[in-house]
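> One structure coming up, written as structure tokens, with questions to follow.
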Amino acid sequence: MIKRLAIWVPLALFLFFAGIAAYQLTQPKDDLVRSAMIGKPVPAFDLPGLTDGDPRVTEAVFQDGRPKLLNIWASWCAPCIAEVPHLEELAEKGAPIVGSALQDRPEDSAAFLQRYGNPYVAIARDQYSELKVAVGSGMVPETFVIDGRGIIRYQHLGPIGSRDVPIILAELEKAR
């Protein structure tokens, strides 16, 4: 009897683990990093404005009772160029957008905005990825919907495209 078990137990374990592996291989892969901050307040931060003459940007900008978008971008980011027209469309439709220029020199950010457009109501200079890490961002570009109390309500991973605009506007409306 023990000899029989010695044969069947390893085979049963092998089949069990092979079944788990086969199941995992059939599941869609999600490489995107989702923020653990959804439903939580924007962490305290205090970053310089884009240029030395611009006002500092803090978490208070998201606590004035009006929902806003936080868009993390960089001048060196090619997908960021592609999303600018869609950010401008969002701004034209009443979505206030706070930008966070990631690991960028102010002159490079200014040249980007001059060339492609500036849909932002304020821009923070996030030289050391402080805000990016604090909100749980995993990529550039990335956009968050933040309600008027400063609670992160929605995360859009990657560049915003034309089909994303109505979704983001709907999420912004839900955040009111």
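> For the chain, give the percent of accessible area contributed by carbon and sulfur heavy atoms, probe 1.4 Å, rounded to a whole number. Write out the running numbers ahead of the final one.
Working: 5990 of 10030 Å².
That share works out to 60 percent.
> Do me a favour and compute the ellipsoid semi-axes for the range 115-176 from its Cα gyration tensor, root of five times each eigenvalue, largest one first, whole Å. Provide the component values of the computation, followed by the final result.
Details: eigenvalues 73, 52, 31 Å².
In descending order, the three semi-axes are 19, 16, 12 Å.
> Heavy-atom accessible area per residue, the chain, 1.4 Å probe: how many Å²? Each step should come with its number before you reach the end.
On the way: 10030 Å² over 176 residues.
So the chain comes to 57 Å² accessible per residue, rounded to a whole number.
> Return one number: the angle in degrees, 0 to 90 and rounded to the nearest 10, between the long axis of the Cα atoms of helix 165-174 and the longest principal axis of the Cα atoms of the chain.
90
> Between beta-carbons, use under 13 Å as the cut-off and find the net charge around Ile72, counting Lys and Arg +1, Asp and Glu -1. Please report the intermediate quantities before stating the final value.
Numbers: positive: Arg125, Lys132; negative: Glu83, Asp104, Asp126, Glu130, Glu142.
With Lys, Arg at +1 and Asp, Glu at -1, the net is -3.
> Grab the Cα-Cα distance for Ala60 and Ala170, subtract it from 0.36 nm times how many residues apart they are, and report the gain in nm with one decimal. Intermediate values should be presented prior to the final figure.
Values: separation 110, 0.36 × 110 = 39.60 nm, distance 2.34 nm.
Result for the pair: 37.3 nm of gain on full extension.
> Moving to a separate point now. Using only the Cα atoms, what convex hull volume per residue in Å³ does the chain have? Spell out each step's value before the answer.
Values: hull volume 28.7 nm³, N = 176.
Dividing the Cα hull volume of the chain by its residues yields 163 Å³.
> Who wins for biggest fluctuation among Glu59, Glu107, Glu88 in a Gaussian network model of the chain, springs between alpha carbons below 10 Å?
The residue that fluctuates most here is Glu107.
> May I ask what percent, to the nearest 5, of DSSP beta bridges between residues of the range 53-176 are antiparallel?
Values: 10 of 20 bridges.
The answer is about 50 percent antiparallel.
> Sticking with this one: In the chain, what is the count of Lys pairs whose alpha carbons are under 19 Å apart, counting only pairs at least 8 residues apart or on separate chains? Can you show the working numbers first?
Details: Lys40/Lys68; Lys40/Lys132; Lys40/Lys174; Lys68/Lys93; Lys68/Lys132; Lys68/Lys174; Lys93/Lys174.
Lysine pairs meeting both conditions in the chain amount to 7.
> Could you give the angle, 0 to 90 degrees to the nearest 10, between helix 78-92's Cα long axis and the longest principal axis of the Cα atoms of the chain?
60
> So what's the angle, to the nearest 10 degrees on a 0 to 90 scale, between helix 106-116 and the longest Cα principal axis of the chain?
90
> Hey, rough spin-label estimate for Val9 and Lys40, points 7 angstrom out along Cα→Cβ, what's it come to in nanometres?
4.4
The values are calculated or read from the model by the stated rules, or taken from the named source; none is laboratory data. Fair warning: this is a prediction, and the values are worked out from it, not measured in the lab. Neighbour counts are summed over all protein chains in view; Cβ atoms, including those assigned to glycine, are modelled from backbone coordinates with ideal geometry. To get the accessible areas, we keep the full protein, side chains included, count just its heavy atoms, and leave off ligands, DNA and RNA. Shrake-Rupley method; radii C 1.70, N 1.55, O 1.52, S 1.80 Å.
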